[in-house]
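See structure below.
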Amino acid sequence: MSTAGGTRVSRARATSARRTGLSDVTTPEAATREADDDLGHAVRLLAATPTHEARDPELLRHWARTAEAFGSALAPVACRARITERADGLERGLLARYTSRPAPTVELYTDTLAAAEALIDARGWRHWYPPGSVREAALAHEAVHEQLHHGPAKAALKRALGHVVLRAGRFRLYGHVAGAEEIAAHAYARTVCGLGRSPLHLTAALADAVPQRAE
């Protein structure tokens with residue numbers, strides 16, 4: 001894969017990245033994250049999620065793999081929520097957000113979308129994320145959050161993960177695995193949008209590149 005250190009960045013691309021507030025410096029920790037495959041990013045997401053601090057790493061890997069497979073297998077579904085746009089995503093650390101009240105709404109953060117597109121150009125990742133695919137993937141991602149919030153897919157994901165919190169004879173109550181829905185949504189977006197890498201790879205790189213904006 002391409003990394004910041006191994007990718008030639010043209011003057012125009014570097015300027016685009018700076019205008020969006022991105023750093024063109026890759027720390028060793030960020031380089032390690034960029035070297036992760038998509039499953040590695042999913043495991044990192046779970047490990048960093050509250051309630052998972054003491055979990056067995058192999059269990060987290062199993063849950064991450066299961067959530068990825070679940071999301072990839074979901075049938076395509078249109079985003080039925082109202083779509084609005086805002087320009088304060090970098091300040092809030094958000095690219096898109098789904099809210100169910102007062103009415104189902106997907107908020108797209110145009111400044112973060114622009115930052116992601118600039119980062120893709122700067123890192124030479126267009127073969128993974130074609131022009132316009134970040135917005136498309138964001139809408140697909142939030143459509144799955146809507147599906148998991150309202151439909152039977154939420155219970156199906158719990159059963160697939162197999163996190164049993166109560167057992168009485170044949171009865172089993174499956175618990176919520178924090179972060180699993182996010183992984184499933186990223187895997188779904190990669191599949192339906194035909195991306196070369198998961199959006200998790202992009203958002204991890206974006207999180208490393210954006211903080212300098214506030215410094």
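The values are calculated or read from the model by the stated rules, or taken from the named source; none is laboratory data. Being a predicted model, the structure only gives us computed values, none of them experimental. When we count neighbours, we look across all protein chains shown, and the Cβ atoms used for this are built from the backbone with ideal geometry, even at glycine. The protein model used for the area step is the full one, side chains on, heavy atoms only, and it has no ligands, DNA or RNA in it. Shrake-Rupley method; radii C 1.70, N 1.55, O 1.52, S 1.80 Å.
Along the Cα-to-C-beta direction of Arg82, a point sits 7 Å from the Cα; which residues of the stretch 132-170 have their amide N less than 20 Å from that point? 139-140, 142-147, 149-150, by backbone N distance to the label point. In this structure the stretch 52-180 gives 52 Å² per residue of accessible area when probed at 1.4 Å with all protein chains present.
For Trp128, Trp63, what's the largest-to-smallest order of accessible area, 1.4 Å probe?
Ranked from most to least accessible, the order is Trp128, Trp63.
The alpha-carbon positions of the stretch 83-206 define a convex hull whose volume is 117 Å³ per residue.
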